[in-house]
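Input: a single structure, listed below in C-alpha cells.
The values are calculated or read from the model by the stated rules, or taken from the named source; none is laboratory data. Model, not experiment: these values are computed from the prediction. No Cβ is skipped: glycine too gets one built from the backbone with ideal geometry, and neighbour counts run over all protein chains shown.
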Amino acid sequence: MTFHLRIPGLVDIGVVDRAPLVFEVDAKPRVGRELHGASSGLGGFLTGRLRNKLRVGNTPLPTFADRDAVGRQPLLDALERHFEAVDFEAHTFRGDVARLAYYVARREDVEVGVVAQQIVGRCFDPGFRGTLRSYEDAWTIAEWVTRPSPRAAWTNLTGKLDRARDRMWRLCRQDRMMLHGTVLALPNLVQSLEHMRELFARRPGLEVDAMLRRCLEGPARLMRITRAPIETTGGPAFRAGALVIYDLKTARRRDPTVDLFMSGRWNQCPAHGLVPRLLRAVWRRAQHDARRPRLVHFVQVERTRKTEEQPPLTEAERKDLTPGNLEMLKQWELDQLYARLSAGSLPKGPFEGRFFFPEGSPLRSLGQAVPELSRRLASVNVDLVTRVGEMFWKGKTFFPEQGVVRNIIEHGGELAPAFGVHPAALRRAEIDGRDVPLMFPARLFRGESLADPRGESIIIDYDDGPRIDGYVPAIDFLAGRKGLRIRDEIRQIRPGLYLGRAYTDQRLLLMFTLHSEFAEGQDETAESGTRENANGASAQA
C-alpha cells in the first residue's frame with residue numbers, strides 16, 4: 001500500500017508499491033540515492049546506519065552513490081560492457097554452473113550460496129574463491145542491510161558485522177563493484193536458485209523465459225532521497241529530504257513484468273543482463289543433465305545379451321552422453337556401457353572430475369566407503385579423507401609423455417596442515433590462469449581392465465607414487481599401497497570425455513567422469529596449456 005508519513009522533525013517517509021508510481025518518482029531528476037540527504041530524524045537514522053558501514057574509505061558502495069557523482073556513469077558503463085563479455089561456458093565458470101545445475105535438477109546438497117558467490121566473484125576476478133566463511137560474512141552484512149532486527153543489531157553491537165565487513169573488503173581488494181555483487185546482490189541470486197529448484201521438481205521441461213518470470217529475484221526494496229519537493233500523479237507529494245522506499249516486491253507481485261533491475265533508467269543495475277544469462281545457463285544445463293541418454297533404452301533391452309556381443313557405441317550415442325546424464329544410470333547400465341567402450345587415446349592436460357555412487361552400487365557415499373577401510377587407516381582422520389573426496393577433489397591433470405597423473409585438489413594448501421604438511425611442499429600447476437595444488441601422483445599406462453579383462457583400459461596406479469617427483473609422503477600415501485590402495489581405470493567415450501572406475505584392493509569403490517571441453521575441440525596432439533610448478537618453479541609439463 002502506498003502511503004506517506006510525515007511528522008516534522010521526526011519522520012518524513014513514503015512507501016511506493018505501484019509500478020507506475022515507482023517509475024514516475026524514479027524518473028524525476030530531483031530524486032537521488034545519496035544517503036546524506038534525509039532530513040527527518042527516522043530517515044536520517046535509517047540512511048546514516050548504512051552510510052557509516054557500507055563504504056570504502058569515504059566512497060559509498062555503488063548502490064548508495066550519488067546520482068550525479070563524478071565518474072559514476074562511465075564506471076557503470078564500463079562494468080556493463082565487461083559483464084557482456086562474461087561467458088558462462090568458459091572454463092572459469094563451467095564447473096560452478098554445473099554444480100548449480102546439479103543443485104537445481106538433482107535436489108542434492110550443494111553449498112549453493114558458496115558456489116553462487118564464487119561465480120559472481122569470478123565475474124570480476126577469475127581467481128576469486130568463495131568459502132563458507134565468505135558466504136556467512138556476506139549474509140551477515142546483507143541481513144543487517146535488508147532485515148533490521150534484534151539479531152542484526154546484536155551483530156553490530158558485538159562487532160561481528162565489522163569483522164565480516166573487513167574480511168569481505170579484503171577478499172574483494174576493496175573493489176566497490178565486486179563488494180556489491182558478492183555481498184548485497186548475493187541473497188537475491190541464491191533465492192532465485194532456490195525458486196528454480198522448487199520449480200524444476202514440478203516442471204522440469206518449462207521454457208527458460210517462463211522460468212525467469214517465475215524465479216528471477218531482485219531487490220525487494222530500494223531507498224531514495226528527494227533533493228527538492230516533488231509532486232506525483234495520483235500519489236503523495238514529498239518535501240525535500242524525504243525518504244522514499246520503492247516496494248518492488250509488492251509491485252512485482254501485482255505485475256510480474258516489473259523490471260527489478262530498473263533497466264534503461266538512471267539507476268539501471270549493470271548486471272541486468274548478466275544475472276538472467278547465468279540463470280538461463282543453469283536451467284538449460286539442469287534440463288540437459290536430467291535427460292537420460294538415448295542409448296540406455298538399448299542397453300536395457302539388450303541386458304540379457306552377452307556383453308561381448310553388443311556393438312560399440314555409435315557416434316550419435318557417444319555425443320549424447322554427458323557427465324550429468326551418466327550419473328543417472330544404474331550400476332549395471334554403467335557396467336555394460338563401460339564394456340562397449342575402448343581405452344581410446346591417452347588424455348592430456350587438465351580434466352574436470354565428478355565422482356558418484358550409482359544406484360545398484362554396493363556403496364552409496366564416501367561416508368560408507370571410508371569407514372570400511374579405516375581398519376587399515378586407523379591412524380588417519382577418516383573425516384578428513386572424506387572431505388578430500390567430497391569437497392576438494394576437482395579432477396586430474398595428465399602428463400602422458402611422463403606417464404604421470406596428478407589430482408587437482410582445490411584448497412589443498414588449506415587442507416595440507418591437517419596432515420602436518422606445509423602448503424609450500426605441494427606441487428602446483430597453472431590451469432587456465434589459476435594456481436592450483438596437485439596431489440596424489442600416479443602412474444599412467446595402458447593395461448588390463450578389472451571390469452572387462454578381455455579389453456584394455458587406461459590405468460592410473462597410485463602404488464608407484466613414491467617414485468614420482470613431487471610425492472609428499474605425509475599426505476600422498478593415502479592413495480597408495482600404504483593407504484587406500486586406489487587403482488583407477490578409464491575408457492574414452494569421445495575426445496575430452498572419459499568414464500572411470502575407482503577400485504580399492506580390486507573392489508569397486510565408485511564411478512567418476514573426466515571432462516575437458518578444451519580437449520573436445522582439439523586433436524590428440526594439441527597442447528593443453530597446463531604448466532606444472534614445483535617449489536615455485538614453472539616448467540612445461
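Structure above, values below:
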| read-out | value |
| --- | --- |
| Answer from 467, 487, 481 - the residue that is modelled with pLDDT under 90 and of a type in the set (Lys, Arg) | 481 |
| Residue in segment 199-207 that is in contact with a helix residue (DSSP H, G or I) (Cβ under 8 Å, 6 or more places away or on another chain) and under 25 Å from residue 245 (Cα atoms) present | no |
| Options 120, 112; residue that is within 13 Å of residue 93 (Cβ to Cβ), surrounded by 14 or more Cβ atoms within 10 Å (Cβ to Cβ) and not assigned by TED's automatic domain parsing to the domain that holds residue 435 | 120 |
| Odd one out for residue 14, checked against (1) at pLDDT 65 or above; (2) over 14 Å from residue 240 (Cβ atoms) | (2) |
| Evaluation of residue 245 against (1) surrounded by 21 or more Cβ atoms within 10 Å (Cβ to Cβ); (2) within 16 Å of residue 24 (Cα to Cα) (one fails), failing number | (1) |
| Number of positions in segment 17-45 that are modelled with pLDDT under 70 and either among the aliphatic types (A, V, I, L, M) or under 15 Å from residue 239 (Cα atoms) (or both) | 9 |
| Residue 210 surrounded by fewer than 16 Cβ atoms within 10 Å (Cβ to Cβ) and under 26 Å from residue 105 (Cβ atoms) | yes |
| Matching residues in segment 446-484 - criterion: being out of contact with any Leu (no Cβ under 9 Å at 6 or more places or on another chain) and not charged (D, E, K, R) | 447, 449, 453, 465, 466, 468, 471, 473, 474, 477, 479, 480 |
| Extreme residue, nearest to residue 102 (Cα to Cα), among residues of segment 324-345 that are at pLDDT 85 or above, touching a helix residue (DSSP H, G or I) at 6+ places or on another chain (Cβ under 9 Å) and assigned to a helix (DSSP H, G or I) | 326 |
| Residue list for segment 477-523, restricted to those being among the acidic types (Asp, Glu) and buried (at least 21 other Cβ atoms within 10 Å of the Cβ) | 488, 489 |
| Within segment 209-267, tally of residues that are part of a strand (DSSP E or B) and among the acidic types (Asp, Glu) | 1 |
| Residues of segment 419-455 classified as over 30 Å from residue 94 (Cα atoms), in a loop (DSSP other than H, G, I, E, B) and of a type outside the set (A, V, I, L, M), total | 7 |
| Selection count, segment 411-459, where residues are at pLDDT 90 or above, buried (at least 16 other Cβ atoms within 10 Å of the Cβ) and closer than 23 Å to residue 476 by Cα | 9 |
| Selected residue [farther than 30 Å from residue 104 by Cα, out of contact with any Cys (no Cβ under 8 Å at 6 or more places or on another chain), among the hydrophobic types (A, V, I, L, M, F, W, C) and free of Cβ contacts under 8 Å to residues at least 40 places away in the same chain] from 157, 161 | 157 |
| Candidates 176, 151, filtered to the one that is out of contact with any Pro (no Cβ under 7 Å at 6 or more places or on another chain), over 25 Å from residue 17 (Cα atoms) and charged (D, E, K, R) | 151 |
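A quick yes/no check of all residues on (1) more than 29 Å from residue 203 (Cβ to Cβ); (2) of a type in the set (Phe, Trp, Tyr):
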residue	(1), (2)
118	no, no
129	yes, no
132	yes, no
144	yes, yes
158	yes, no
